[in-house]
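Below is one structure, written out as structure tokens; comments come after it.
The values are calculated or read from the model by the stated rules, or taken from the named source; none is laboratory data. Since we're looking at a predicted model, the values are computed, not measured. All Cβ positions, glycine included, derive from the backbone under ideal geometry; neighbour counts span all protein chains shown.
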Amino acid sequence: MKKFMELVEEVRPQVREVLPWDLDPQLQTNPASLLLDIREPYEFSVVHIQGSINVPRGILEQACEADYDETVPQLVQAREEDVIVICRSGHRSVLAGYVMQLLGFQHIRSLRLGLRGWNDFELPLVDANGSTVDTDEADRYFNPRQAIAQHR
């Protein structure tokens, strides 16, 4: 039986990854990339990259296919487009990217280090209302154990 991180590391070599500081300038020159945030809706509402769409990991396979209740047309049509898969730490996105490749997606990349890394590089994040989320506030969200330890 494999543990979560063992599975991630097993498939990681098969999924292209991009670091936050490399992705940001790429998005400036190619804003057509589809930013796919696979976290749960409650996570997405707190903080995400502006312009990303939220398709939770639990319904991803159905969202990628036509004729399901969960179908996301923008995603179905992106099989030959540049898709950046995003999660909190860059682990779930590797697994999701791997599965999407099995489903025929041609240009999948996973955001290495996830939104934690994006925030560490002080790149902009927004909440459900589109309001900018302060870097320190995002840090507290991404590192709850650290925040709890600091209050002791």
Could you tell me whether the range 106-114 includes any residue that is hydrophobic (A, V, I, L, M, F, W, C), modelled with pLDDT of 95 or more and exposed (fewer than 14 other Cβ atoms within 10 Å of the Cβ)? no
Determine if the range 90-99 includes at least one residue that is aliphatic (A, V, I, L, M), more than 22 Å from residue 120 (Cβ to Cβ), touching a strand residue (DSSP E or B) at 6+ places or on another chain (Cβ under 8 Å) and touching a residue at least 12 places away in the same chain (Cβ under 8 Å). no
Report every pair of residues separated by at least 6 positions or lying on different chains whose Cβ atoms are under 8 Å apart, first residue within the range 1-15 and surrounded by 11 or more Cβ atoms within 10 Å (Cβ to Cβ), second assigned to a loop (DSSP other than H, G, I, E, B) and not polar (S, T, N, Q). 8/91; 10/2
Assess whether residue 83 counts as being over 25 Å from residue 11 (Cβ atoms), at pLDDT 95 or above and either surrounded by 12 or more Cβ atoms within 10 Å (Cβ to Cβ) or in contact with a Pro (Cβ under 6 Å, 6 or more places away or on another chain) (or both). no
Tell me which of these residue 46 doesn't satisfy, since it passes every other one: (1) in contact (Cβ under 8 Å) with a residue 40 or more places away in the chain; (2) under 15 Å from residue 83 (Cα atoms). (2)
Every residue in the range 117-127 that is charged (D, E, K, R), on the phi < 0 side of the Ramachandran plot and part of a loop (DSSP other than H, G, I, E, B), please. 127
